[in-house]
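As structure tokens, the structure follows; a few thoughts come after it.
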Amino acid sequence: MKEFDNIKITELTELLNENTTLKRFYPLIPVRGELIQKLLAEGMEDKYIFLDAVNASAPDSAVFLQGLAEKFSMDERILGLFECFMHLHDFTNRKLSEIQSVDAGFIEKLSLNHIKMSKDYLLLCMGNSAEAILGKYGAEKNDVLRLFGICDLMRLPGVKGLRASLYYDCGYRNLQIFSVQNQPEMRKKLADYIAENKIQKSVPFAKELETQIAVAKVLPHLSFGA
């Protein structure tokens, strides 16, 4: 899933902060800079290079991490925690049938063509123009674009169809747009939209949004025909 969830090691500065990650990963924050520097020196420039090196040593991955910790002069537990952190934002493949804000007929047509999951639809859009998808599936352009945006937004941590639809309706229509937002302004806009439209959805917590904005910055940005 490199095209969906790879992260450059240099971009860990965006994620490893108290307002952008879970408490269990706080021990990584003080050694963030040192860890980045040493991983880069080993040629581990992104998430998958690091994880591939760990996986290549299986079933002795623990031995590999222990050796790396010794080489880095770090506590072995830090490297083990870092490996867990590298999986924190792994891509979650979700069912298109669970998305209620897109025409069900369009989703059914996709399903009949074996496009049933968010990964399938994102790959379809990355390999085709919106017009090509319109022509093949006889869908409305708004539905084609909306489904792409929602699938893109569902790459964010904890975001499923309902929350992705809320973000989309508030104008945050893909990760690239999401990544440049200001958290307090975004939270107020979401709260106002929910109140004005009497939507039975909760306003995201400030830390939740901060985390999602940070993740949106570092994940690969997708587009039609890419």
ARG24 fails exactly one of the following numbered conditions: (1) open to solvent by 30 Å² or more (accessible area, probe 1.4 Å); (2) within 20 Å of VAL218 (Cα to Cα). What is the number of that condition? (2)
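What about GLN66, is it among the polar types (S, T, N, Q) and touching a residue at least 40 places away in the same chain (Cβ under 8 Å)?
Details: among the polar types (S, T, N, Q): yes; touching a residue at least 40 places away in the same chain (Cβ under 8 Å): no.
So GLN66 fails the test.
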Number of the exception - LEU166 against (1) under 18 Å from SER223 (Cα atoms); (2) part of a helix (DSSP H, G or I); (3) modelled with pLDDT of 95 or more; (4) of a type outside the set (Val, Ile, Thr): (1)
Taking the conditions exactly as written (open to solvent by 20 Å² or more (accessible area, probe 1.4 Å) and either touching a helix residue (DSSP H, G or I) at 6+ places or on another chain (Cβ under 7 Å) or more than 26 Å from ASP90 (Cβ to Cβ) (or both)), does LYS207 satisfy them or not? no
Working only within segment 62-77, note down all residues that are open to solvent by 30 Å² or more (accessible area, probe 1.4 Å) and either within 27 Å of MET154 (Cβ to Cβ) or assigned to a helix (DSSP H, G or I) (or both). ALA62, VAL63, PHE64, GLN66, GLY67, GLU70, LYS71, GLU76, ARG77
Consider ILE99 against the criteria (1) over 25 Å from LYS189 (Cβ atoms); (2) of a type in the set (Val, Ile, Thr); (3) in contact (Cβ under 8 Å) with a residue 60 or more places away in the chain: it satisfies all of them except one. Which criterion is unmet? (1)
Residues of segment 205-226 satisfying the condition of being modelled with pLDDT of 95 or more and either touching a Cys at 6+ places or on another chain (Cβ under 8 Å) or part of a loop (DSSP other than H, G, I, E, B) (or both): PHE205, LEU219, PRO220, HIS221, LEU222
Quick check, is ASP46 of a type in the set (Asp, Glu) and open to solvent by less than 60 Å² (accessible area, probe 1.4 Å)? yes
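Just for segment 176-196: of the residues that are without any contact (Cβ under 8 Å) to a residue 40 or more places away in the chain and either in contact with a Gly (Cβ under 6 Å, 6 or more places away or on another chain) or small (Gly, Ala, Ser) (or both), which one is farthest from LEU209 (Cα to Cα)?
ALA195
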If ARG173 passes every condition in (1) in contact with a Gly (Cβ under 6 Å, 6 or more places away or on another chain); (2) over 25 Å from LEU16 (Cβ atoms); (3) open to solvent by less than 60 Å² (accessible area, probe 1.4 Å) but one, which one does it miss? (3)
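The values are calculated or read from the model by the stated rules, or taken from the named source; none is laboratory data. Every value quoted in this text rests on a predicted model; they were computed, and no experiment measured them. Positions of Cβ are generated from backbone atoms using ideal geometry, with glycine treated the same way; all protein chains shown enter the neighbour counts. SASA here: full protein model, heavy atoms, side chains in, ligands and nucleic acids out. Shrake-Rupley method; radii C 1.70, N 1.55, O 1.52, S 1.80 Å.
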